[in-house]
Amino acid sequence: MFSTLTYLQLQEYWWFIVSLLAGLFVFMTFVQGGQTLLWSIGKNQEQRDVIVNLLGRKWELTFSTLVMFGGALFAAFPLFYATSFGGAYYVWMAILFCFIIQAVAYEYRSKKNNFFGKRTYELFLFINGSVGIFLIGVALATLFTGGNFVVNNMNLSHWTLPTYGLEALLNPFNIAFGLMLLFLSRLLATLYFVNAIENKEIVEHSRLTLKYETVIFLLLFFFVIGSILSMTGYGYNPESLVVSAEPIKFWHNFLALPFISGSFLLGTILVLIGAGVGVFSKSDKGFWSAGVGTILVVTSLFLILGYNNTAFYPSLANMQSSLTIQNSSSSHYTLKTMAYVSLLVPFVLGYIIVVWRVMNRKKISVDEVKNNPHHY
Amino acid sequence: MEHIDPSLIDWSRAQFALTALYHWIFVPLTLGLTFIVAIMESIYVKTGNPWWRETTKFWMGLLAINFAIGLATGIIMEFEFGTNWSNYSWIVGDIFGAPLAIEGLMAFFMESTFFAIMFFGWEKVSKKTHLLSTWLVAIGSNLSALWILIANGWMQHPVGMTFNPDTARNEMTDFWAIVFNPNAYTKFLHTISSGYVLASLFVIAISSWYLLKKRDIQFAKRSIMVAASFGLIVSLFTLTTGDDSARQVALNQPMKLAAMEGLYDGKTDAEIVTFGILNPSKTLKDKQEPFLFKVAIPGGLSLLSYHNFDAYVPGIKQIVYGDKEHKIMSTEAKIAQGKIAVKALTNYKKAKKAGDKKSAKKAKDVFEAHSQYLGYGYLKSPEDVVPNVPMTFYAFHTMVGLGTWFILLFILILYTTMTNELHNKRWLLLAGIWSLPMGYIAQEAGWITAEVGRQPWAIQDMLPVGMATSSISSGSVMFTFWMFALLFTGLLIAEVKIMTTQIKMGPKEESHV
């Protein structure tokens with residue numbers, strides 16, 4: 001099946017898998033968005049308990065998707081893994097810190113004698129949801145704006161600034177991208193609350209909050225997309241692999257890849273429909289429209305970033321060190337082998353969907369949380 | 001090779017050791033306890049006795065506390081290969097990334113998806129579906145261990161790859177050779193079975209405490225019966241897999257074996273040291289006795305390593321300085337060949353960049369003739385290949401000694417449980433409690449043996465740790481080391497406090513604030 005694919009086709013296939021995982025991860029960050037809304041939507045302890053217990057049944061899926069995203073990058077594009085993680089050291093370490101504290105927060109939050117106290121674990125959830133997602137957004141934004149690294153002739157990389165990635169915080173585009181991701185996660189979270197919680201007060205409050213989140217998200221989204229379409233990108237010659245700057249590169253990519261542009265537009269519309277359904281109707285299904293839309297938008301943006309002979313991680317220190325799907329990937333043999341492994345993805349998605357349906361068949365309520373001896 | 005600050009290597013190793021050490025406190029218990037709760041729930045589904053349901057739920061509650069911190073300490077391990085070992089990530093990422101990605105796809109999603117049913121699905125799914133979910137969590141966590149140990153086994157005994165001078169990295173050539181690497185599956189079986197032993201000790205220790213306190217007696221007896229039976233079977237299995245594992249070490253990592261046994265001079269009919277105190281002033285170049293005191297079995301090491309009493313087992317000196325009689329090449333000669341390979345690789349890249357095809361071919365031929373020892377070319381002196389002998393020796397002997405004790409403990413507890421005398425044997429109950437910290441020590445000791453014993457290699461004989469680090473300042477790594485040390489210590493304190501509180505509360509209720 002994959003044996004007949006060329007090396008370049010396999011590189012493109014794996015970039016698609018990485019892009020899809022990025023899309024799924026951003027969709028799943030509704031968990032993080034919800035964590036940042038814990039105190040604003042949860043007006044009392046009971047309501048906060050319901051929210052935490054709702055999100056607590058999904059947080060591990062988000063966590064696993066992030067790990068899977070990292071694993072796929074390592075397996076398919078190891079030079080990116082080495083260059084970005086080993087260079088933008090402080091940013092990635094800060095992100096990891098935010099996810100470490102999340103992993104214990106749910107289980108330990110309401111346990112007796114938990115050392116840090118309930119509020120601290122809730123603060124851990126807030127930090128994970130806000131700082132963690134914002135920083136992931138900043139890190140992803142550098143795929144458009146570049147990083148200060150050099151790759152030598154042995155393909156070993158090093159960062160040229162002692163700030164090891166923190167300098168990305170000085171770029172307004174990166175900041176806007178991080179904030180956009182944060183508000184998208186909050187938008188999705190409010191829709192998920194509407195979808196899965198049986199509590200009139202929480203649902204009403206979520207619909208109200210959704211209005212503001214949508215407005216802020218859209219402002220950031222239009223700024224980010226406008227910037228992407230107008231910025232200078234970096235293309236490369238597929239034969240010589242020489243990288244060169246190209247004005248409005250991503251606009252060109254959108255035009256050259258109509259199927260992906262269509263999917264991006266469709267995704268955007270679905271997110272808007274989802275938010276509209278949440279704000280203007282009594283339906284609780286807006287989450288699914290916005291969720292599918294998010295996956296489409298993020299996957300498409302990633303594809304635009306890596307396809308059409310584009311450097312998906314430009315080097316600001318040495319343009320020829322920029323990473324492309326061709327110069328940063330694993331070998332032909334590894335990509336082919338792992339392509340067979342990737343056939344498991346639909347199977348995994350299948351059982352996740354089945355279990356999701358079973359667990360969400362009935363909406364979560366205050367009573368259910370109170371009566372379950374194992375609650376968060 | 002660019003100059004690498006030695007303190008960067010030390011801090012990078014320290015940080016990885018810190019995170020692995022913390023992670024390894026929690027993982028073995030998860031590996032085993034998931035199976036123990038699955039067995040208990042199976043008994044519940046088969047008998048329909050609600051006592052077993054409550055027993056299952058209690059141990060499941062403790063599992064959840066442990067599971068959470070295992071995840072917290074685990075996420076950093078994967079990403080640290082990129083953040084702290086970025087050269088490694090490129091040089092072997094083509095091979096090493098694959099098992100990590102497969103682990104995520106096959107194991108993590110299975111664990112995280114069915115974990116939700118296991119804890120919150122008691123009233124949402126049928127008994128059998130719930131049981132299936134519990135088993136899938138157990139299988140998922142053990143699948144995770146499988147792929148990680150395939151990756152680790154490859155680091156100890158690299159197979160199925162070739163070095164590509166064009167990309168300056170090792171590339172996979174045989175996926176199945178990596179998956180069925182004998183080093184990987186002996187390691188996997190030994191590691192998971194030792195995890196089952198720890199989980200059995202955990203259940204026994206807590207149940208023994210209840211029996212000593214004369215509370216929750218039926219619960220404790222039921223739990224002990226399951227744990228001691230399971231523990232005895234898996235501890236015997238750990239013994240045999242340990243033997244297989246040691247044989248793999250003898251075949252592929254003779255220096256590690258020599259360090260594990262404090263064997264400075266190779267010999268036929270080599271003895272195995274069952275107990276010994278190393279001579280602290282012993283150095284590689286002097287002729288002092290390596291031991292101040294020892295109890296040894298003649299021929300034991302030759303037999304265990306090569307299944308032959310007369311087999312020759314090389315010592316540290318032979319591996320470093322060579323031995324013509326036994327056709328062991330000296331490390332100095334390997335370093336010399338390695339340096340030729342390093343230089344030829346540099347020349348090849350230069351010639352290729354300049355478009356000089358003739359020089360490129362010549363350099364490539366030289367490289368390929370010496371590439372087997374490329375990793376040695378980055379070492380400074382032959383003595384660099386010697387790991388920390390005392391640490392490896394004591395860690396190995398601690399693990400083996402404690403492992404032997406656990407077998408005896410399981411036999412005694414199982415026997416006294418079956419004769420209904422255990423609750424009256426105060427000394428045995430105390431031994432059951434004190435064996436739990438011993439179990440954790442044995443786990444860490446096993447990990448130290450495996451990882452310290454193979455230094456200075458990140459990939460055995462192929463890539464020294466000094467060549468594998470990221471090019472960042474040692475101050476940055478020092479900062480994050482202390483950050484994680486503080487965080488993990490805080491989380492460990494929280495975990496222990498919560499766990500002990502839950503245990504004191506007992507199986508009747510789960511405590512919440």
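The values are calculated or read from the model by the stated rules, or taken from the named source; none is laboratory data. This structure is a prediction, so every number in the text was calculated from the model and none was measured. Neighbour counts run over all protein chains shown; Cβ positions are idealised from the backbone, glycine included.
Take the range A:203-240 and flag every residue that is part of a loop (DSSP other than H, G, I, E, B) and in contact with a helix residue (DSSP H, G or I) (Cβ under 9 Å, 6 or more places away or on another chain). Those that are part of a loop (DSSP other than H, G, I, E, B) and in contact with a helix residue (DSSP H, G or I) (Cβ under 9 Å, 6 or more places away or on another chain): A:M231, A:T232, A:P238. Just one of the numbered conditions (1) buried (at least 20 other Cβ atoms within 10 Å of the Cβ); (2) within 11 Å of another protein chain (Cβ to nearest Cβ) is not true of B:I493: (1). Among the residues making up the range A:290-326, those that are within 14 Å of chain B (Cβ to nearest Cβ) and out of contact with any Ser or Thr (no Cβ under 9 Å at 6 or more places or on another chain) are A:Q320, A:Q326. Within this structure, B:E444 fails the test of being among the charged types (D, E, K, R), touching a residue at least 12 places away in the same chain (Cβ under 8 Å) and within 14 Å of chain A (Cβ to nearest Cβ). Based on this model, can you work out whether B:I472 counts as surrounded by 18 or more Cβ atoms within 10 Å (Cβ to Cβ), within 11 Å of chain A (Cβ to nearest Cβ) and in contact with an Asp or Glu (Cβ under 9 Å, 6 or more places away or on another chain)? So B:I472 fails the test.
In this structure, does B:V45 turn out to be within 13 Å of chain A (Cβ to nearest Cβ) and part of a helix (DSSP H, G or I)? No, not satisfied.
Meeting the requirement of 1 or more residues that are without any contact (Cβ under 8 Å) to a residue 12 or more places away in the chain, the helices (runs of 4 or more DSSP H) wholly within the range A:1-101 are A:7-28, A:45-55, A:59-76. Take the conditions (1) closer than 20 Å to A:H375 by Cα; (2) over 20 Å from the mean Cα position of the chain (by Cα); (3) not polar (S, T, N, Q); B:K46 misses just one of them, which is (1). Reported count of residues in the range A:149-179, each being more than 9 Å from chain B (Cβ to nearest Cβ) and touching a Phe, Trp or Tyr at 6+ places or on another chain (Cβ under 6 Å), is 5.
For A:V138, the stated conditions do not hold, so it cannot be described as within 12 Å of another protein chain (Cβ to nearest Cβ), within 30 Å of A:S230 (Cα to Cα) and either of a type in the set (V, I, T) or crowded, with 24+ Cβ neighbours inside 10 Å (or both).
Across the range B:337-353, not a single residue is classified as at pLDDT 95 or above and not in a helix (DSSP H, G or I). B:Q502 passes every criterion in (1) part of a helix (DSSP H, G or I); (2) more than 14 Å from chain A (Cβ to nearest Cβ); (3) touching a residue at least 12 places away in the same chain (Cβ under 8 Å) apart from (2).
Let's see how each residue does on (1) surrounded by 20 or more Cβ atoms within 10 Å (Cβ to Cβ); (2) in a helix (DSSP H, G or I):
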site: B:D384; (1), (2): no, yes
site: B:F410; (1), (2): yes, yes
site: B:N420; (1), (2): no, no
site: B:H423; (1), (2): no, yes
site: B:A431; (1), (2): no, yes
site: B:E444; (1), (2): no, yes
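Taking (1) over 22 Å from B:W24 (Cα atoms); (2) among the hydrophobic types (A, V, I, L, M, F, W, C); (3) assigned to a strand (DSSP E or B) in turn, B:A458 satisfies each apart from (1). Restricting B:W24, B:W59, B:W11 to residues that are within 21 Å of the chain's Cα centre (by Cα), of a type in the set (F, W, Y) and under 17 Å from B:A199 (Cα atoms) narrows the list to B:W24.
When B:F96, B:F58 are checked against the criterion of being over 18 Å from B:F484 (Cα atoms), in contact with a strand residue (DSSP E or B) (Cβ under 9 Å, 6 or more places away or on another chain) and within 14 Å of chain A (Cβ to nearest Cβ), a single residue qualifies: B:F96.
Could you check, for the range A:296-311, whether at least one of its residues is in a loop (DSSP other than H, G, I, E, B), polar (S, T, N, Q) and closer than 30 Å to A:Y7 by Cβ? Yes, there is a match, as at least one residue in the range A:296-311 is in a loop (DSSP other than H, G, I, E, B), polar (S, T, N, Q) and closer than 30 Å to A:Y7 by Cβ.
Looking across the range B:99-113, the residues that are more than 20 Å from the chain's Cα centre (by Cα) and at the interface with chain A (Cβ under 7 Å from one of its Cβ atoms) come down to B:L105, B:M106, B:F109, B:S112, B:T113. Scoring B:G153 on the criteria (1) buried (at least 23 other Cβ atoms within 10 Å of the Cβ); (2) within 10 Å of another protein chain (Cβ to nearest Cβ); (3) at pLDDT 95 or above leaves a single failure, condition (2). Determine if the range B:73-93 includes at least one residue that is more than 19 Å from the chain's Cα centre (by Cα) and under 20 Å from A:H374 (Cβ atoms). No, the range B:73-93 contains no residue that is more than 19 Å from the chain's Cα centre (by Cα) and under 20 Å from A:H374 (Cβ atoms).
Quick check on the range B:130-139. Is at least one of its residues part of a helix (DSSP H, G or I), within 10 Å of chain A (Cβ to nearest Cβ) and either touching a helix residue (DSSP H, G or I) at 6+ places or on another chain (Cβ under 9 Å) or under 30 Å from B:A369 (Cβ atoms) (or both)? Don't jump to the end; show me each part of the working.
Step one: of the range B:130-139, the residues part of a helix (DSSP H, G or I) are B:130-139.
The next check asks that each one be within 10 Å of chain A (Cβ to nearest Cβ); those that pass are B:133, B:136.
Add one more test, that the residue is either touching a helix residue (DSSP H, G or I) at 6+ places or on another chain (Cβ under 9 Å) or under 30 Å from B:A369 (Cβ atoms) (or both), and what stays is B:133, B:136.
Within the range B:130-139, one or more residues are part of a helix (DSSP H, G or I), within 10 Å of chain A (Cβ to nearest Cβ) and either touching a helix residue (DSSP H, G or I) at 6+ places or on another chain (Cβ under 9 Å) or under 30 Å from B:A369 (Cβ atoms) (or both).
Taken as a whole, the structure leaves B:K124 outside the set of residues that are in a helix (DSSP H, G or I) and either of a type outside the set (S, T, N, Q) or at pLDDT below 95 (or both).
So, of the residues in the range A:84-118 that are among the β-branched types (V, I, T) and more than 7 Å from chain B (Cβ to nearest Cβ), which turns out to be farthest from A:T62 (Cα to Cα)? Among those that are among the β-branched types (V, I, T) and more than 7 Å from chain B (Cβ to nearest Cβ), it is A:V91. Within the range A:87-100, does at least one residue satisfy the condition of being in contact with a strand residue (DSSP E or B) (Cβ under 7 Å, 6 or more places away or on another chain) and either surrounded by 24 or more Cβ atoms within 10 Å (Cβ to Cβ) or not basic (K, R) (or both)? Yes, because at least one residue in the range A:87-100 is in contact with a strand residue (DSSP E or B) (Cβ under 7 Å, 6 or more places away or on another chain) and either surrounded by 24 or more Cβ atoms within 10 Å (Cβ to Cβ) or not basic (K, R) (or both).
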